[in-house]
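The values are calculated or read from the model by the stated rules, or taken from the named source; none is laboratory data. Small disclaimer: the values here were computed from a predicted structure and weren't measured. We place every Cβ from the backbone using ideal geometry, glycine too, and count neighbours over all the protein chains shown.
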Amino acid sequence: MSQRPIDKLCDALQDEFDRDPRGGKGITTLLRAYQAERRDWEEWSLWSDERYTRNLVACRESFELLILCWKPGQQSPIHDHAGQNCWMSVLEGQLEEIHYSEPKSSATAGQVRLEKGRAKSLAAGGVAFIEDSIAYHLTQPSGGARFLQQLLLRQRQVHLAIRCLRSS
Ligand SMILES: [Fe+2]
């Protein structure tokens, strides 16, 4: 049985993470090439009127790959990435990403009002990268597109596996 294009993408991504556990420059090239040539992501295109959906394609040792499906007016919360590298690839539609950061000096401990930073639009074929030292962010569809499909690649944290051995 021949391998599906999305499975080939996952194998190629794993090779990249094997070379560089944080993900190398080749990641962006692979995501762009997949978007340009393939349509087999539609198996994971699931939509909801309630909120955007996150559909797991693959969970490998080094990464998770998801397809996110958005309708107009749906948006993510402002969020961080828990120390992980994260790539966003637009499959169809247009994505808007808005950065937020903590103010340099905050007068009061406890609640902090985040400062809005730059907004950037990403069209189909575009790939963007985010990690915590860059900013927090919010993402949503933009440009009046009817819908947005996005590939989300998230580096997984490497945890030490603790094995419990039991003598018989
Ligand atoms: Fe994010």
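For Ile78, state whether it is over 27 Å from Glu50 (Cα atoms), within 16 Å of the ligand (Cβ to nearest atom) and in contact (Cβ under 8 Å) with a residue 24 or more places away in the chain.
Judged against the criteria, Ile78 is not a match.
In this structure, is Gly93 farther than 18 Å from Lys120 by Cβ and of a type in the set (Gly, Ala, Ser)? Please lay out each step first, then the result.
Numbers: farther than 18 Å from Lys120 by Cβ: no; of a type in the set (Gly, Ala, Ser): yes.
No; evaluated as a whole, the condition is false for this residue.
Given the conditions (1) out of contact with any His (no Cβ under 9 Å at 6 or more places or on another chain); (2) closer than 26 Å to Ile6 by Cα; (3) within 16 Å of the ligand (Cβ to nearest atom), and given that Phe147 satisfies all but one, which numbered condition is not satisfied?
Only one criterion is unmet by Phe147, namely (3).
Specify the residue that is farthest from the ligand (Cβ to nearest atom); the eligible residues are those in the stretch 81-126 that are among the acidic types (Asp, Glu) and surrounded by 14 or more Cβ atoms within 10 Å (Cβ to Cβ). I'd like the intermediate steps shown before the answer.
First, pick out the residues of the stretch 81-126 that are among the acidic types (Asp, Glu): 92, 96-97, 102, 115.
After this cut, where a residue has to be surrounded by 14 or more Cβ atoms within 10 Å (Cβ to Cβ) as well, the list is 92, 96-97.
Details: Glu92: 19, Glu96: 13, Glu97: 8 Å.
That would be Glu92.
I'm trying to understand the selection: among the residues of the stretch 29-40, which are of a type outside the set (A, V, I, L, M) and out of contact with any Leu (no Cβ under 6 Å at 6 or more places or on another chain)?
Thr29, Arg32, Glu37, Arg38, Arg39, Asp40
Looking at (1) under 22 Å from Ser133 (Cα atoms); (2) β-branched (Val, Ile, Thr); (3) more than 16 Å from the ligand (Cβ to nearest atom), can you tell me which one Val57 breaks?
Result: Val57 fails condition (1) only.
Just the residues that are part of a helix (DSSP H, G or I) and touching a residue at least 40 places away in the same chain (Cβ under 8 Å), please, taken from the stretch 10-25.
The answer is Cys10, Leu13, Gln14, Phe17, Asp18.
Would you be able to tell me the number of residues in the stretch 127-144 that are away from the ligand (no atom under 14 Å from the Cβ), buried (at least 18 other Cβ atoms within 10 Å of the Cβ) and of a type in the set (Gly, Ala, Ser)?
Number satisfying all stated conditions: 1.
Please go through the stretch 114-150 and pick out each residue that is modelled with pLDDT under 90 and under 22 Å from Ala82 (Cβ atoms).
Gln150
Please identify the pairs in which a residue from the stretch 124-144 that is assigned to a strand (DSSP E or B) has its Cβ atom under 6 Å from the Cβ atom of a residue that is within 15 Å of the ligand (Cβ to nearest atom) and small (Gly, Ala, Ser), counting only partners at least 6 apart or on another chain.
Listed pairs, sorted by first residue: Val127/Ser89; Leu138/Ser76; Thr139/Ser76.
Let's see how each residue does on (1) over 20 Å from His137 (Cβ atoms); (2) surrounded by fewer than 17 Cβ atoms within 10 Å (Cβ to Cβ):
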{"position": "Pro5", "(1), (2)": "yes, yes"}
{"position": "Trp44", "(1), (2)": "yes, no"}
{"position": "Cys59", "(1), (2)": "yes, yes"}
{"position": "Trp70", "(1), (2)": "no, no"}
